[in-house]
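Engineer: Please read through the structure below; I'll follow up with questions.
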Amino acid sequence: MENRFEKFTNLVLKTGKIIQRIKNIEMEEYGLKAVHVMCIYQLSKSLEGLTNKELVKLTYEDKAAISRALDLLKEKEIISSEPKKYNGIITLTEYGNKIADYICEKSDEALEKSGVGVSDQERIALYATLTKIEDNIEEYYNDLLKK
């Protein structure tokens with residue numbers, strides 16, 4: 001009998017860990033880590049900039065991790081604004097935009113490599129299925145919180 005819990009959990013966790021390791025390797029030359037990747041990526045998608053609170057929500061990281069990440073990004077002149085101001089708008093500098101371009105290029109490469117042998121139809125079905133699973137597990141979690 002297939003152990004669905006073990007298989008699903010291991011696949012999701014292993015994939016996540018590998019992605020974290022890839023982010024860390026790709027960011028070594030900039031002195032950054034995986035948490036910085038998603039901050040830079042999300043900031044690059046927002047023309048008006050984002051607040052600390054918005055970055056927490058978009059990156060699924062905790063407030064402390066984002067605060068530390070923003071401190072380093074500010075120190076390295078990758079972002080502008082005051083990350084200590086929780087409602088202050090944070091934007092990428094010119095240097096930050098160059099790193100964002102690099103991140104997008106590398107993420108495209110990684111997605112291309114990871115999708116070898118997967119048809120567009122299979123990919124679409126996978127994302128739809130994962131989205132439904134995420135919605136269901138979040139609903140289950142929220143129900144637990146209500147107890």
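Engineer: In debye to the nearest 20, how big a dipole does region 4-116 give about its Cα centre with +1 on each Lys and Arg Cβ and -1 on each Asp and Glu Cβ?
Structural biologist: Working: 19 positive and 18 negative charges, 124 e Å.
About 600 debye.
Engineer: Show me 45-53, 94-102, 137-145, 69-77 ranked by packing, highest mean number of other Cβ atoms within 10 Å first. Intermediate results must be reported in sequence, preceding the final value.
Structural biologist: Numbers: 45-53: 13.9, 94-102: 15.4, 137-145: 9.0, 69-77: 17.6.
Listed from highest to lowest mean packing, they are 69-77, 94-102, 45-53, 137-145.
Engineer: Going by alpha carbons, how many degrees (0 to 90, nearest 10) lie between the helix axis of 94-114 and the longest principal axis of the chain?
Structural biologist: Relative to the chain, helix 94-114 is tipped by roughly 20 degrees.
Engineer: Right, here's the next one. Measure off 7 Å from each Cα along the Cα-to-Cβ vector at residue 15 and residue 102, then give the distance between these two points in nanometres to one decimal.
Structural biologist: Inter-label distance under the simple model: 2.7 nm.
Engineer: Summing -39500 (n - 2.57) over the DSSP H runs of n ≥ 4 in the chain and dividing by its residue number, what mean residue ellipticity at 222 nm do you reach, to the nearest 500 deg cm²/dmol? Intermediate results must be reported in sequence, preceding the final value.
Structural biologist: Values: 6 runs with 105 residues, N = 147.
Helix-only estimate at 222 nm: -24000 deg cm²/dmol.
Engineer: Need one number: nm distance between label points at residue 134 and residue 114, each 7 Å from Cα along Cα→Cβ, rounded to one decimal.
Structural biologist: For residue 134 paired with residue 114, the spin-label model returns 1.2 nm.
Engineer: Turning to a different aspect of this structure: Which chymotrypsin sites (Phe, Trp or Tyr not before Pro) in region 1-84 sit in a loop by DSSP (not H, G, I, E or B) and have at most 12 other Cβ atoms within 10 Å of their own Cβ? Spell out each step's value before the answer.
Structural biologist: Working: sites: 5, 8, 30, 41, 60; in loops: 60.
Loop-located and lightly packed - 60.
Engineer: Which entries in 17/132; 33/76; 14/45; 33/63; 17/98; 57/132 show an alpha-carbon gap greater than 18 Å?
Structural biologist: On the way: 17/132 22 Å; 33/76 13 Å; 14/45 27 Å; 33/63 16 Å; 17/98 26 Å; 57/132 20 Å.
Pairs exceeding the cut-off: 17/132; 14/45; 17/98; 57/132.
Engineer: Now, a different point. Can you tell me the orientation of helix 34-45 relative to the chain, as the angle in degrees between its alpha-carbon axis and the longest Cα principal axis, to the nearest 10?
Structural biologist: Relative to the chain, helix 34-45 is tipped by roughly 80 degrees.
Engineer: Would you kindly work out the equivalent ellipsoid of the chain from its C-alpha gyration tensor and give its semi-axes, the square roots of five times the eigenvalues, largest first in whole Å?
Structural biologist: Values: eigenvalues 181, 89, 39 Å².
Output for the chain: semi-axes of 30, 21, 14 Å.
The numbers here are math on the coordinates, done by the rules we state, and not lab data. None of the values given here were measured: they were computed from a predicted structure. Quick reminder, even Gly has a Cβ in these numbers, built from the backbone with ideal geometry, and neighbours come from all protein chains shown.
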